[in-house]
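Here the structure comes first, spelled out in C-alpha cells, and everything after it is commentary.
The values are calculated or read from the model by the stated rules, or taken from the named source; none is laboratory data. As the structure is a computational prediction, the values presented were derived from the model and not from experiment. Side chains included, ligands, DNA and RNA excluded: accessible areas come from the protein's heavy atoms. Shrake-Rupley method; radii C 1.70, N 1.55, O 1.52, S 1.80 Å.
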Amino acid sequence: MSWNNDARNREQQDRLIETQTDGLADTLHDKVSKIKQITLQMQGSLDEEHIMLDDMGSSFDNISDDIKRTGKKLALVMDTPHGRRMLMIVGGFVVIFLLYWLTRAS
C-alpha cells in the first residue's frame, strides 16, 4: 500500500508542477506579447521621427542656401555707394521702429 500511496503522491506532485509550469508559461507568453507590442509601437514612432528629421534636414539646407544668397546680395549692395546709403536709411528706420516698439511696450 505504501507503494500505491507514493505513486499517488508523485502523480499529484507531477500534476501540481505541470499546472504551475502551464501558469508560468502563460504568464511568460503574455509578457512577451506585451514586449512585442511595445517594440512595434516604438518602431512606428522611430519611423515617424526619422521622416520628420529628414524633412527638417531638407528645410535647414534650403534655409542655408537662402542665407548664402542673401549674403551675396548684401555684399553686392554694399559694393555700390548708392546701396550703402540705402542700407543705412533702412537700418535707421529699423532702429527707430525698434526703439518705438520697446518704449511703447513698456
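Numerical summary
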| read-out | value |
| --- | --- |
| Residue identified as of a type in the set (Val, Ile, Thr), modelled with pLDDT under 90 and open to solvent by less than 80 Å² (accessible area, probe 1.4 Å) among Thr27, Thr80, Thr70 | Thr80 |
| Within the range 30-46, tally of residues that are over 20 Å from the mean Cα position of the chain (by Cα) and open to solvent by less than 100 Å² (accessible area, probe 1.4 Å) | 3 |
